Structures are given as C-alpha cells and as structure tokens.
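The values are calculated or read from the model by the stated rules, or taken from the named source; none is laboratory data. Bear in mind that the values here come from a model prediction, so they are computed numbers and not experimental data. All Cβ positions, even for glycine, are placed from backbone atoms using ideal geometry, and neighbour counts span all protein chains on display. For accessibility, only protein heavy atoms count, side chains too; no ligands or nucleic acids. Shrake-Rupley method; radii C 1.70, N 1.55, O 1.52, S 1.80 Å.
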Amino acid sequence: MSGSFPQNHGLLSANKVVVPRIRSAVLAAVMACGWSGAHATLTATVSVVDDDHLIAGLYDQIASHVGAALTDWGKYIVGDSNISVEVKVTDSVVRSAGASRASAFIREKNGIAVYGAGTAYKINNGVDVNGDAPDVEILLNPNYARDELWFDPDPFARQALMPADKTDAVSVFLHELGHAIAFNGWGQSPDGKLPGTYASTWDINTEFDGGGLYFIGAKAQAVYGGAVPVTLGNNYHIGNANGGGSDLLTDVMNGVVFYRGQRYGVSALNVAMAEDMGVVVQAVPEPQTIWLMSVGLLILGLNRGAAKRRLTPAQRDCQ
C-alpha cells in the first residue's frame, strides 16, 4: 500500500514543482471531517473518481473513512487545514496506493535539493503548493474495496466489533495518508540510491549498511532504540518478516503484512519519523495506543494460523 509524491507521479523535477493535469471526476462524494481540540484541526474534502461506477454504493463510506484517518493523523501534527483527497478507482493497483500530489522545496543539503510532501507543508505552513489540484491522491482497486475492506459503522469511534475475515478500511487509509504526509521519496530499493541531485526528507534520513536500508532520524532512533529497519525491497515502509524489524509488523506503516480483523493506528514511532522528516508535530500517541499495539502483537503470536493480507506493493517505485 504505497505510492510516491515525487518523480514517479510526474510531479517533480530537480528544482521545481510541476502539477499534472487532472481528468474530470465523473462521480464524487465530498465529506468534511475534523478533529477539534488542542491539536490540528484538519478537514477532508474527498472526491471519488469512478468512471465505470464500479463502487457506486461506497462513496460516502470511503469519504468518511478517509476523513477519520486524516483526523487521526491530525491529532499529532501542528496546523489547521482542509486537505483535498482524490480517490481514484482503478485496477492499475492490486489493492491501494497513496501519495501527495506535489512536493515543497525545504532546503539544500550538501548540494542536494531536499523536498517534503506538499500535504504536510500545507498543514504546517498554510501554503498550498498544489493550488486548486487535489493535495492527496489515493488509488483504490474496486475489487479490493468491495470484497476485502471493512467499513466501520462509526470510523471515528472505531469501537464496533470487526469481522475476522476483512481488512480495516480506516487502517488502509491511515497507511496511504502516511505516504502522503512524509513516508515517500525517490531513493531506490533496496539501497536508497538517489537518481539525481534531489532527495526527499525520507531519503536524507536513510542509510544503507550493505545489507539493508535503515531510517536513522534521531527522534525515531530514540523511540525505537536504534536505527529503524526499512522493509527490504519495499522502500518507504518499515519492518521485515524476519530479522531486523520483525517487531514492527503491527505498525501501520509496515511494508510486509496487514492482518485481517485488526485495527492499526498512528504510532509514536510514526510520529517521531515524521518529525525527523521535518513535519512539525505537537503530540505523540497516548500510551494506551502503544499498549494496544503490544496486545495486538501478542494476539498475533498466539494466532499464527489466522488469515493474513499482504500489503500492496507500490504501484511504481516500491517492489
């Protein structure tokens, strides 16, 4: 479940933002959702592009679940903003993919132009580098949406009993929005090598040790207890099935597996990594969230035979 905000979306050259043309949305559902309180107030305007009317009965649910996922991220990010999200129904991805539609120049480092996701830049700074175009693009396979995803009766409360044979839709959108906010770039798998004299804020926080790629941001290392293993062959994700990072399979940004019947949430590690990537944050997940993740890991250990769902490989830059 991944995508990229930069070059692979045709959005970024070495030193400028290029906004692509957007085809007209034949059908759209719009819903505003927000978190009010001491944190960011984020609202989501969600449009669904479904040219062949393949998931016509799901538009409102998709809009509300994207809004709920953005609300969850908004608990930890500084800034108030309305984020426009375009969900494209397409069989070009096996399951789903997500990306910021534009990038923002952040600084130059050792001759490298460093860019961050336009979505985070808009939230933090109130500057929309993408103009009137959508801030976020999510690609969604119609069969995956219809047959695999479970839409919570109340995606904001997330209290309803989940079916054991479905994947939680809020969790999927949390993952894709994570890519749109920070978890993306140009570095190739598995070594993170850059294609030119430009990099994302993710790229400059990774290091290849000859065997694997690691996220080495100071905040993330403080939370994790060391360099964070990047998913082998699936850059912009964390965790691995075996060896380094096997303890990260319950993290929403893991690149190995999503388990059916389980909810995922934004973790303290996700927030720390976002902060290392220049996203201005003001809070971390409550200890209860971390405890629930630990309990989830224990349950998974006791139920190894349970049905599993692999994360979607990125449609372009992640293998």
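Looking at segment 203-260, the accessible area is 35 square angstrom per residue; that uses a 1.4 Å probe and ignores ligands, DNA and RNA. Heavy-atom accessible surface of segment 48-152, averaged per residue, reaches 34 Å², computed with a 1.4 Å probe.
One decimal place: the segment Ser246-Val78 gains 57.4 nm when fully extended, by the rule 0.36 nm per residue minus the C-alpha distance. Once a ≥ b ≥ c are taken as the square roots of the eigenvalues of the Cα gyration tensor of segment 117-213, is the result rounded (a/c under 1.5), prolate (a/b larger than b/c) or oblate (a/b not larger than b/c)? Oblate shape, in that a/c is at least 1.5 and b/c is the bigger or equal ratio. Shape analysis of segment 213-272 places it in the oblate category; the axes a ≥ b ≥ c from the Cα gyration tensor give an a/c of at least 1.5, with a/b not above b/c.
Comparing Cα centroids, segment 78-116 and segment 137-191 end up 16 angstrom apart. When the pairs Lys88/Lys166; Lys193/Lys219; Lys88/Lys109; Lys75/Lys166 are compared against a 29 Å limit on Cα-Cα distance, Lys88/Lys109 fall above it. Dipole magnitude for segment 58-217: computed about the Cα centre from +1 point charges on Lys and Arg Cβ and -1 point charges on Asp and Glu Cβ, it is near 280 debye.
In this calculation the C-beta distance from Asp191 to Val257 is compared with R0 = 22 Å, giving a FRET efficiency of 0.40. Taking the accessible area of segment 84-219, probe 1.4 Å, and keeping the other protein chains in place, the carbon and sulfur fraction comes to 47%.
Neighbours of Thr41, meaning other residues whose beta-carbon lies under 13 angstrom from its beta-carbon, give a summed charge of 0 when Lys and Arg score +1 and Asp and Glu score -1.
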